[in-house]
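Report on one structure; see the data block that follows.
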Ligand code: GUN
Ligand code: ZN
């Protein structure tokens with residue numbers, strides 16, 4: 001009984017349709033479930049919930065907002081120091097900055113040191129769950145998993161597979177890469193809150209043999225995730241067409257090798273046709289929409305209308321270091337900009353304005369929506385009963401301008417939008433990670 005805790009503040013969560021539920025004066029009660037996981041036991045208006053738990057001590061945060069911890073669907077932990085590296089586009093950016101930098105993660109101590117900074121930065125920004133790339137070196141995976149385990153975080157990562165068209169220092173060996181992947185799955189997947197993702201970098205840097213092996217592992221370990229990149233950049237797409245002439249499209253290459261299924265997460269998904277969108281939907285694969293990266297690298301605009309019309313799942317991602325910020329607020333704002341330009345056909349040219357994605361939908365895409373896309377609905381990204389108790393405490397008066405603007409909000413949409421447009425790490429006063437009761 002005494003292991004239960006209650007937190008009083010304004011409170012944001014989502015219903016199963018993705019609509020926000022907001023309590024101006026809310027109470028969140030957390031405590032161990034039958035298996036000892038720290039979860040939300042009760043939630044709602046303060047008076048109501050408090051009357052059901054008279055014995056639980058309440059921590060009160062007046063003027064603050066408790067909200068679900070953010071879920072980042074695609075980020076590269078070894079690219080923490082690659083942020084803000086300018087290039088003409090994706091392929092020169094990879095060659096000139098990313099690959100040389102990633103080669104450093106062969107060293108265990110370097111991997112561990114960056115992992116510590118990376119996890120600090122996630123938490124400082126309110127991100128409590130991430131699906132992240134490591135590098136092709138098993139040391140990078142071990143370093144990040146060890147750090148996330150130490151912090152009790154729910155985190156998914158995997159060793160990058162890239163056995164061709166990659167320089168010395170990051171290129172791996174076909175056979176050994178698959179052996180290493182299986183060893184890492186056995187060592188880490190399902191341990192505490194950690195999950196493994198089979199991680200072919202992207203089709204051009206894997207031989208057909210490596211992709212085939214990855215697909216075989218994906219079939220053998222069906223609850224392991226798959227992550228890769230697809231249809232991000234025109235030059236990349238031309239390259240894939242030349243390398244895999246038998247596949248219908250870039251996306252089909254992954255399908256042809258058994259890499260599309262539930263828990264398969266593809267970053268970008270920009271230059272798609274309707275057959276690609278249908279393939280995403282029919283296989284249960286999902287998109288990690290990465291707007292700051294797509295704007296920074298000049299890759300293009302995710303087509304929200306097309307995704308919704310064809311009905312495939314998606315959520316938001318920073319894609320650091322192609323992406324420019326760890327902050328979910330920066331990512332949600334960039335997604336809004338992208339939505340403005342996303343009308344089927346050519347944006348603006350047909351005289352129609354772009355979409356105006358609602359603040360609730362933007363927030364959902366980075367919390368409960370992202371969790372759902374990862375197959376973690378009801379586990380993270382929300383504060384409904386049974387969810388693991390990862391949450392952020394937001395201070396809507398963190399800056400003078402935020403204070404002025406949020407004070408004038410007349411409804412929830414105006415409040416959320418003010419935080420999306422003006423917010424950054426200063427808005428996140430604290431990040432609370434669910435801990436097993438024995439911890
Ligand atoms: N495609 C292949 N590798 C990468 C990467 O590291 N970042 C991005 N944005 N796209 C990629
Ligand atoms: Zn990426």
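Observations
- With Cα atoms, 0 to 90° folded angle of helix 174-188 axis to the chain main axis: 20
- Pairwise label distance in nanometres, residue 421 with residue 149, each label 7 Å out on the Cα-Cβ vector: 4.6
- Extension gain, residue 411 back to residue 261 (0.36 nm per residue minus Cα-Cα distance, nm): 50.0 nm
- Virtual spin-label span in nm between residue 400 and residue 191, 7 Å along Cα→Cβ: 5.0
- Separation in nanometres of the label points that stand 7 Å from Cα toward Cβ, at residue 52 and residue 282: 4.4
- Antiparallel %, DSSP beta bridges [both residues in the chain], to 5: 40
- Between region 1-74 and region 385-438, the Cα center-to-center distance that results, in Å: 14
- Take each peptide in 296-302, 272-278, count the other Cβ atoms within 10 Å of every residue, and average; sorted highest first, the result is 296-302, 272-278.
- Degrees between helix 274-283 axis and first principal axis of the chain (Cα, 0 to 90, nearest 10): 70
- FRET efficiency, 1/(1 + (r/R0)^6) with R0 45 Å, evaluated for residue 19 and residue 88 via beta carbons: 0.60
- Helix-only mean residue ellipticity at 222 nm for the chain, each DSSP H run of n ≥ 4 adding -39500 (n - 2.57), per residue, nearest 500: -10500 deg cm²/dmol
- GNM result for the chain, Cα springs below 10 Å: residue of 236, 175, 147 fluctuating most strongly: 175
- Selected from 221, 196, 250 as most flexible by GNM, with the chain as the system and alpha-carbon contacts under 10 Å: 221
- The residue 165 and residue 35 beta-carbon pair, evaluated with R₀ = 60 Å, returns a calculated FRET efficiency of approximately 0.85.
- Counting only DSSP beta bridges with both residues in region 22-153, the antiparallel share comes to about 60 percent.
- Cα long-axis angle, helix 138-150 against the chain (0 to 90 degrees, to the nearest 10): 10
- Theoretical FRET efficiency, 1/(1+(r/R0)^6), r = Cβ-Cβ of residue 242 and residue 219, R0 25 Å, to 0.05: 0.35
- Highest-MSF residue in the chain out of 195, 36, 381 [GNM, Cα springs under 10 Å]: 36
Computed from the coordinates by the stated procedures, all read-outs in this text should not be read as laboratory data. This is a predicted model, so every value here is computed, not measured. Glycine also receives a Cβ, built like all others from the backbone with ideal geometry; neighbour counts cover every protein chain displayed.
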